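Before anything else, here's the structure in question.
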Amino acid sequence: MKAMLTVLTIMGLWAGRAWAGDEAPTALSNKEAIDLVQTHANYLWTLIAAALVFFMQAGFAMVEAGFTRAKNAVNILMKNLMDFSMGSLIYWAIGFGLMFGASATGWFGTSGFFLADFSPDGDPWVLAFWMFQAVFAATAATIVSGAMAERTKFTGYMLYSIFVCGLIYPIFGSWAWGSLHEGSGWLEGLGFIDFAGSTVVHSVGGWAALAGAIVLGPRLGKYQSDGRIRPIPGHNMPLAALGVFILWLGWFGFNPGSTTTADKSIAMIFVNTNLAAATGAVFALLTSWFKFGKPEVSMSLNGALAGLVGITAGCANVSPASAVIIGAVAGVLVVFSVLFLDRIRIDDPVGAVSVHGVCGAWGTLAAGIFNIGGTSAKIIGVQLLGIGACFVWTFATALIMFKLIDKTVGLRVSPEEETEGLDSMEHAGSAYPDFEVSSI
Amino acid sequence: MKAMLTVLTIMGLWAGRAWAGDEAPTALSNKEAIDLVQTHANYLWTLIAAALVFFMQAGFAMVEAGFTRAKNAVNILMKNLMDFSMGSLIYWAIGFGLMFGASATGWFGTSGFFLADFSPDGDPWVLAFWMFQAVFAATAATIVSGAMAERTKFTGYMLYSIFVCGLIYPIFGSWAWGSLHEGSGWLEGLGFIDFAGSTVVHSVGGWAALAGAIVLGPRLGKYQSDGRIRPIPGHNMPLAALGVFILWLGWFGFNPGSTTTADKSIAMIFVNTNLAAATGAVFALLTSWFKFGKPEVSMSLNGALAGLVGITAGCANVSPASAVIIGAVAGVLVVFSVLFLDRIRIDDPVGAVSVHGVCGAWGTLAAGIFNIGGTSAKIIGVQLLGIGACFVWTFATALIMFKLIDKTVGLRVSPEEETEGLDSMEHAGSAYPDFEVSSI
Amino acid sequence: MKAMLTVLTIMGLWAGRAWAGDEAPTALSNKEAIDLVQTHANYLWTLIAAALVFFMQAGFAMVEAGFTRAKNAVNILMKNLMDFSMGSLIYWAIGFGLMFGASATGWFGTSGFFLADFSPDGDPWVLAFWMFQAVFAATAATIVSGAMAERTKFTGYMLYSIFVCGLIYPIFGSWAWGSLHEGSGWLEGLGFIDFAGSTVVHSVGGWAALAGAIVLGPRLGKYQSDGRIRPIPGHNMPLAALGVFILWLGWFGFNPGSTTTADKSIAMIFVNTNLAAATGAVFALLTSWFKFGKPEVSMSLNGALAGLVGITAGCANVSPASAVIIGAVAGVLVVFSVLFLDRIRIDDPVGAVSVHGVCGAWGTLAAGIFNIGGTSAKIIGVQLLGIGACFVWTFATALIMFKLIDKTVGLRVSPEEETEGLDSMEHAGSAYPDFEVSSI
């Protein structure tokens, strides 16, 4: 408030304030001053976008709580709160340095831990950039919690959340986005296109989620001995819908914010993001209507998310008409992927593997196919290589990690706890104490 | 992410990045470079504002779900998701071209369908502008769903949503805001003042809602044979309140974003928007207290929305003190309008006709009365003409449309479906399966 | 919309629009034009930040409703709606002038009531600044409603809300932030550091809440005659968690927006805000786990808020590593403070006194201890003086105010009303009419 008040000395003499204390334009050439104003706009956009991406945490919390049972709602809320909180700290301590620190090899960075490269007298851009990257890292971790909902121990959850934000995500990230003393991460060096992270963020989250769901096994009663699949409906559709709207909003930071620059290019990214989300929702609705005879709410909501994940890689290098196609395919794909996972008895309560893993892979491929500057076998090849590398790295390391956690602190709650609900057993509380709740 | 990383080559050498790849300031004169930075700020503001207006979809979903019964909650959520999703696509394909395309007559545009005028090498402003206009178009469609809640078939809903976004809204919009090869829409040419759409968006939504509510008829049991009116309370007040707060937030994009320019003029628009919403809430509360003996929650929430709708036309051309008066009148008006509609047995479950139709008309008139540059009989006359033209066009076309839908695919669900709830019958789901729900 | 359309005359000729009507750059020197673009960025940031802070009202509403019983949910929602609505009006009429008006003494301002210093031809910065300050003022008032929840009369609430926004908050604010004809508020003149209001906003809210909770007395049944404390759990944890995420988002406006300038300094403020919130949540979780044997949800949520309140004073003048420490201490402190207040039988249903009062004081002290430019006994002394002055002024005036309200219109509802629930008795409504609700 101080800088502000030095100018606002007298009410009635409010002057338009052009400059804060940090820079005196008089000392700058016109060209330097113009550059500085543009730089300020870049900071503003990057940080506002980071705030929008942060808000996606609320979206994930609402979607995951809404799509699961009332008896586990406190637990899933706690997990969402904690993976962002712990994720922020781990990414500050370790992850950011691994992902963007100086790297001799192109495989991971080795400097910048604890934001050590920042000095109060130095350029604060590293802080703006860290803020934007930290909310991305936490997104990857949050995706996992949905697929593992309703049966994971809280301590096990906290551990894996640390590993994902501190190790699995930033190392893959360094391959595709990370900086080097000279050159770039190895995937980036090959020309891999993943502008805002269909693979880097969403597939990493989705494949880690897949490993977790496999190690955990399905929820009790989900797949019955006679072969039937019992639907376990989510307990609060208004929350889930609210969550999807919040995520859609957050994606307007996620995709166009990845420019980290306030320029004209963000317009097309906004439009592509919105069109793909819209077609994703419409096509998932139509697909569910065709498959089940009714327009299904959870599929439609997941369809919007599928479209958003799908356009994330190519949002800056495909046309709006291509975005419509990408979203439509994602909307169909997500429904069939959810059904397929159920058929092979992998229990993913919220559809996270299908939305983020599968549609993330589709979006990364599509960014090559629909590339506005034309495509080629080489472009497609690199995209497939990146998709494959992500799956191998993430699924393998996550599988090892979950097995290790399972053997040590334990990953799954006891059957009694699962039946009773994680809220009362793990947190000694209830999400809705004034209501009669009867989760199956 | 690529542009970003080329500069961030070495951790510890993070430089403030002033320019992205698209423009090289060295090639520009100082004046051109300054203009370009301002242009970037305009893009930023227009698109952030569009994101805020998008979020109003979540607000409408929460208000409409909260103000209706639990047995129909999935249905209303689906409608909100779908009218934005389909609305975005229809507005991309058809609506935008009708509203802002080249027009020889001043009555509708005939170019720019499917964003065809945009080329990757061209100026992307059309994309930023489309994004902002698309979220407006969807708002008009969403308003209708509230008034028709709890008894409309989903297929009928999807059809009318397409018509509103693709035809009714953009054609009226072209009269008041649309561009021409030379000149402007006919209402705009007369000097009609509707800065952010009290009439163009809200009254269009409100009068279409009125036509829909009339064609549908009231919910079963609402108006009893002995003349009594049965109150059908909304099932979730926290959701409704959250929705109002989200809408209020979104209006900070809706009104000041309508400048599509980042300049000083947005300050007064913010202040006016906030003061009118605040007085709307206070005066609706006081009116309900006086009329019913208790401060009533749904009236107070609608009062805030009434104030927001009321200030939308004049937010840029009335003083803050006038905004207080406009909001106060809207807050009183909305209560009496809700009571009046009930008296003439038009069943509008959420008060959409009163909030958007009636207060939209009031706001448009008020923009003339309180015009900061003075008023005149001519100004008032044009405002009244615009209000009347909106009512005639919208109500008539919507009435025909709803009658057509009713005669073909059907507009209203069966009495059994309505009694049972739309969620189980239309969507084979329930919003709250873990709770005991007993909607009347 | 008008300015926009004059340029968009022909579809296909969409030009990037650099300037709106209000300024013609041709008449400006390059230096003046550069200053003007920066000024526009400052407006943009201040007003977007104000919108984010406004949205904190939704966060408080959800936290307070979620942490209290279902039978009082409508009441708490109404209070949140009304304190922002009435607060906006009172701050427009009186508060802003008292806080920032011309002052001969350094103890309160005496000009600028009703935004009288603004003229349509004048500089609109006062409007942008008012908007940002108004949402701060309403925050202080809202904090109080949580501590006094579930037993306060609605009329009494409306009265004290007017006093807090119109008198108690702005007068203290003028000491720490207010302008003078020459010089500054007396605390500001001494060098008091409270960048975004740990003391000015949060402690004022917290200590007023303390006075209110004391005058009201505890909820019926909370402290039993045999000395036991009955837990009264909040009725809706998803709402409470959503509220915390919304508040965290809003704080990205609250703290960095307090620059009211779009420059590089906002990056560090973002990072500090986020790190302190994250550590606050983690340390409150760990503390609750250690104290109660289970990781407790309401403590963890309040821990995030505690970290946010703690970093508010020093967000611009401490390092990220210090922010981590400040958040950690706040997270521990809030748990012990909640337990302590229960031990001395002060009933604060949502923990507002601990979060805002106690952690506000801690944050203000910490801003002196961890000052990036070094600390001194004098700095610490001034911080302690500010903390003390806030407590004395706020607690004393709030105590008198609540006693006066209690003796006149009455502050507390009748025992029957409290048992039955405030919703049915004060508002003739219910938050959840379709559900079976059994609040204790």
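Among the listed residues A:V355, A:V350, which satisfies the condition of being crowded, with 24+ Cβ neighbours inside 10 Å and assigned to a loop (DSSP other than H, G, I, E, B)?
One residue alone meets the criteria, A:V350.
Which of the residues belonging to the stretch A:401-417 are over 28 Å from A:L239 (Cβ atoms) and buried (at least 19 other Cβ atoms within 10 Å of the Cβ)?
A:M401, A:I405
I'd like the residue in the stretch C:278-297 that is part of a helix (DSSP H, G or I) and surrounded by fewer than 24 Cβ atoms within 10 Å (Cβ to Cβ) and, out of all such residues, is nearest to the other protein chains (Cβ to nearest Cβ).
Among those residues, the one meeting the criterion is C:F292.
Still on this structure: Counting just the residues of the stretch A:93-140 that are more than 21 Å from the chain's Cα centre (by Cα) and of a type in the set (F, W, Y), which one comes out nearest to the other protein chains (Cβ to nearest Cβ)?
Restricting to residues being more than 21 Å from the chain's Cα centre (by Cα) and of a type in the set (F, W, Y), the top hit is A:W125.
Would you check which residues across the stretch A:421-431 are buried (at least 21 other Cβ atoms within 10 Å of the Cβ), at the interface with chain C (Cβ under 7 Å from one of its Cβ atoms) and aliphatic (A, V, I, L, M) and list them?
If the condition is that a residue be buried (at least 21 other Cβ atoms within 10 Å of the Cβ), at the interface with chain C (Cβ under 7 Å from one of its Cβ atoms) and aliphatic (A, V, I, L, M), then A:A431 is the only one that fits.
Could you check how many residues of the stretch C:234-267 are in contact (Cβ under 8 Å) with a residue 12 or more places away in the chain and over 21 Å from the mean Cα position of the chain (by Cα)?
7
Could I ask something else about it? Before we move on, is B:M268 out of contact with any Lys or Arg (no Cβ under 7 Å at 6 or more places or on another chain), within 23 Å of B:V329 (Cβ to Cβ) and of a type in the set (A, V, I, L, M)?
yes
Continuing with this model, one more query. For the stretch B:50-75, which residues satisfy the criterion of being touching a Ser or Thr at 6+ places or on another chain (Cβ under 7 Å) and in a loop (DSSP other than H, G, I, E, B)?
Passing the criteria: B:F67, B:R69.
Next question, about the same structure. Looking at (1) crowded, with 24+ Cβ neighbours inside 10 Å; (2) in a helix (DSSP H, G or I), which is the only condition A:V329 fails?
(1)
Each row is one residue, and each column tells you yes or no for (1) surrounded by 15 or more Cβ atoms within 10 Å (Cβ to Cβ); (2) in contact with a helix residue (DSSP H, G or I) (Cβ under 6 Å, 6 or more places away or on another chain); (3) in a loop (DSSP other than H, G, I, E, B); (4) at negative phi.
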position	(1), (2), (3), (4)
A:G386	yes, yes, no, yes
A:W393	yes, yes, no, yes
A:L399	yes, yes, no, yes
A:T419	no, no, no, yes
A:P433	yes, no, yes, yes
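When the stretch C:332-347 is examined, which residues are found to be without any contact (Cβ under 8 Å) to a residue 24 or more places away in the chain and assigned to a loop (DSSP other than H, G, I, E, B)?
C:I344
For residues that are part of a helix (DSSP H, G or I) and among the β-branched types (V, I, T), scanning just the stretch B:237-277, find the one that is farthest from C:L422 (Cα to Cα).
For the stretch B:237-277, the residue satisfying everything is B:T259.
Moving on. Hey, can you tell me all the residues within the stretch B:139-148 that are among the hydrophobic types (A, V, I, L, M, F, W, C) and touching an Asp or Glu at 6+ places or on another chain (Cβ under 6 Å)?
Matches in the stretch B:139-148: B:A141, B:A147.
Scan the stretch A:413-431 residue by residue and report those that are of a type outside the set (D, E) and within 18 Å of C:K294 (Cβ to Cβ).
A:V413, A:S414, A:G421, A:L422, A:S424, A:M425, A:H427, A:A428, A:G429, A:S430, A:A431
Quick check: anything in the stretch C:49-57 crowded, with 24+ Cβ neighbours inside 10 Å, farther than 24 Å from C:W248 by Cα and either touching a residue at least 60 places away in the same chain (Cβ under 8 Å) or of a type outside the set (D, E, K, R) (or both)?
no
Related question: Assess whether B:L305 counts as being more than 7 Å from chain C (Cβ to nearest Cβ), in a loop (DSSP other than H, G, I, E, B) and at pLDDT 95 or above.
It is false that B:L305 is more than 7 Å from chain C (Cβ to nearest Cβ), in a loop (DSSP other than H, G, I, E, B) and at pLDDT 95 or above.
Determine which single condition C:I326 fails, assuming it passes every other condition in (1) within 11 Å of chain A (Cβ to nearest Cβ); (2) modelled with pLDDT of 95 or more.
Checking C:I326 against (1) within 11 Å of chain A (Cβ to nearest Cβ); (2) modelled with pLDDT of 95 or more, the one that fails is (1).
Also, I was wondering about something else. Could you tell me which numbered condition B:G421 fails, if it satisfies all but one of (1) among the small types (G, A, S); (2) out of contact with any Lys or Arg (no Cβ under 7 Å at 6 or more places or on another chain); (3) over 25 Å from B:P170 (Cα atoms)?
All conditions are met except number (2).
Go through the residues of the stretch B:338-353 one by one and say whether even a single one is within 14 Å of chain A (Cβ to nearest Cβ) and among the acidic types (D, E).
No: the stretch B:338-353 contains no residue that is within 14 Å of chain A (Cβ to nearest Cβ) and among the acidic types (D, E).
The values are calculated or read from the model by the stated rules, or taken from the named source; none is laboratory data. This structure is a prediction, so every number in the text was calculated from the model and none was measured. Quick reminder, even Gly has a Cβ in these numbers, built from the backbone with ideal geometry, and neighbours come from all protein chains shown.
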